[in-house]
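The values are calculated or read from the model by the stated rules, or taken from the named source; none is laboratory data. None of these values were measured; they are calculated from a predicted model. Positions of Cβ are backbone-derived with ideal geometry, glycine not excepted, and every protein chain shown enters the neighbour counts.
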Amino acid sequence: MVDGTPPSDCVSLLDSIMMIFVALPSGVYFITLEGEGFKKTEKVILLR
């Protein structure tokens, strides 16, 4: 978005992802985000 605010469906997705990470133990995780025309892998490090 032009004003820097993410679309509401993106915020909902991020909320869902964060709920999953709350239940995971410390470690390094890789998540792959796929959408129309893009695919991105992100590394997430959880320290508890």
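Listed values, structure above:
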quantity	calculated
So S26, is it modelled with pLDDT under 85 and either at negative phi or of a type outside the set (G, A, S) (or both)	no
Count of segment 24-48 residues which are of a type in the set (G, A, S) and assigned to a strand (DSSP E or B)	2
Residue list for segment 26-48, restricted to those being in contact with a strand residue (DSSP E or B) (Cβ under 7 Å, 6 or more places away or on another chain) and within 17 Å of L13 (Cβ to Cβ)	Y29, F30, I31, T32, L33, K39, K40, T41, E42, V44
